[in-house]
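The values are calculated or read from the model by the stated rules, or taken from the named source; none is laboratory data. Predicted, not measured: the structure shown is a model, and the values here were computed from it. Note that we place each Cβ from the backbone using ideal geometry, even for glycine, and neighbour counts take in every protein chain shown. Just so you know, the surface numbers come from the protein's heavy atoms only, side chains and all, with ligands and any DNA or RNA stripped out. Shrake-Rupley method; radii C 1.70, N 1.55, O 1.52, S 1.80 Å.
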Amino acid sequence: MQTPAGKECRFYYEDYHRGNSEQYCRLVRNNPRSLDWKEKDCFHCPVPDILRANSNPDLVLEGTIKKGLLGINRHVAVEAFCSRHLVEVERPEVGCHQCAEERPGLQELFGDNT
Ligand code: SF4
C-alpha cells in the first residue's frame, strides 16, 4: 500500500471505505516502546527503501518511533533480524551475511566454463 509519503510499504494500512477512517503503521503499532505513529513519520522512514532493496522473507524488521535529542529529530529507528539464522542484521538493505553465503555464486549456477 502506498504511504502518505507516496512510497510502497507493506506495513502501512488505511481504510477509508464505507465510513471508515483508519490509518496506521503495522510496524510500530504493537511496539510499546514506540511513540504513536503519525502520517509525517512516513516521510523520513527508511523502511520502504529497505523493503525495495531486500525482499528476503527471512528479514524481520522492528520499528520504533523515537524523539531525537532535545525533543527534535523525531524518526523511525529500525532494527533487523534474520529469522533463519537468528542473528541481528546490521544493514537490512544489504541483508544477512549468512544468507548471502548460502546463496549459490555464479560459478555454481553456470558451471566452470574456463
Ligand atoms: S512509518 Fe515507515 S514502516 Fe510505518 S507505514 Fe510509514 S513508511 Fe511504512
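If you go through segment 23-31 one residue at a time, do you hit one that is within 30 Å of Arg103 (Cβ to Cβ), assigned to a strand (DSSP E or B) and of a type in the set (A, V, I, L, M, F, W, C)? Outline the logic, then answer.
Step one: of segment 23-31, the residues within 30 Å of Arg103 (Cβ to Cβ) are 26-27.
Next, only the ones that are assigned to a strand (DSSP E or B) stay: none.
No.
Give the residue that is nearest to the ligand (Cβ to nearest atom), with candidates limited to residues of segment 31-47 that are surrounded by fewer than 20 Cβ atoms within 10 Å (Cβ to Cβ) and of a type in the set (A, V, I, L, M, F, W, C). If you could, list the steps in order and put the result at the bottom.
If we filter segment 31-47 for residues that are surrounded by fewer than 20 Cβ atoms within 10 Å (Cβ to Cβ), which is where we start, we get 31-36, 38-40, 43-44, 46.
If we keep only those that are of a type in the set (A, V, I, L, M, F, W, C) as well, we get 35, 43.
Details: Leu35: 11, Phe43: 8 Å.
So, considering only residues that are surrounded by fewer than 20 Cβ atoms within 10 Å (Cβ to Cβ) and of a type in the set (A, V, I, L, M, F, W, C), the one nearest to the ligand (Cβ to nearest atom) is Phe43.
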Among the residues of segment 5-17, is any away from the ligand (no atom under 11 Å from the Cβ) and not aromatic (Phe, Trp, Tyr)? yes
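Only one of these is without any contact (Cβ under 8 Å) to a residue 40 or more places away in the chain and either within 11 Å of the ligand (Cβ to nearest atom) or open to solvent by 70 Å² or more (accessible area, probe 1.4 Å) (or both): Ile72, Ile50. Name it. So that I can check it myself, show each step before the final result.
On the way: Ile50 fails: without any contact (Cβ under 8 Å) to a residue 40 or more places away in the chain.
Answer to the check: Ile72.
When residues of segment 59-69 are filtered for being out of contact with any Phe, Trp or Tyr (no Cβ under 9 Å at 6 or more places or on another chain) and open to solvent by less than 60 Å² (accessible area, probe 1.4 Å), how many remain? Lay out the reasoning, then the answer.
Of the residues in segment 59-69, the ones out of contact with any Phe, Trp or Tyr (no Cβ under 9 Å at 6 or more places or on another chain) are 64, 66-69.
Narrowing the set further to residues that are open to solvent by less than 60 Å² (accessible area, probe 1.4 Å) leaves 64, 68.
Residues in segment 59-69 being out of contact with any Phe, Trp or Tyr (no Cβ under 9 Å at 6 or more places or on another chain) and open to solvent by less than 60 Å² (accessible area, probe 1.4 Å): 2 in total.
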Number of the exception - Phe81 against (1) over 27 Å from Glu39 (Cα atoms); (2) aromatic (Phe, Trp, Tyr); (3) surrounded by 15 or more Cβ atoms within 10 Å (Cβ to Cβ): (1)
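Quick grid of which residues meet (1) part of a helix (DSSP H, G or I); (2) over 22 Å from Gly6 (Cβ atoms); (3) modelled with pLDDT under 95:
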| position | (1), (2), (3) |
| --- | --- |
| Arg33 | no, yes, no |
| Cys42 | yes, no, no |
| Leu51 | yes, no, no |
| Gly63 | no, no, no |
| Glu79 | no, yes, no |
| Pro92 | no, no, no |
| Cys99 | yes, yes, yes |
| Asn113 | no, yes, yes |
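I'd like the full set of residues that are over 14 Å from the mean Cα position of the chain (by Cα) and either farther than 26 Å from Gly95 by Cα or open to solvent by less than 70 Å² (accessible area, probe 1.4 Å) (or both), limited to segment 13-30.
The first filter runs over segment 13-30 and keeps only residues over 14 Å from the mean Cα position of the chain (by Cα), leaving 13-24, 30.
Answer for segment 13-30, where residues must be over 14 Å from the mean Cα position of the chain (by Cα) and either farther than 26 Å from Gly95 by Cα or open to solvent by less than 70 Å² (accessible area, probe 1.4 Å) (or both): Tyr13, Glu14, Asp15, Tyr16, His17, Arg18, Gly19, Asn20, Ser21, Glu22, Gln23, Tyr24.
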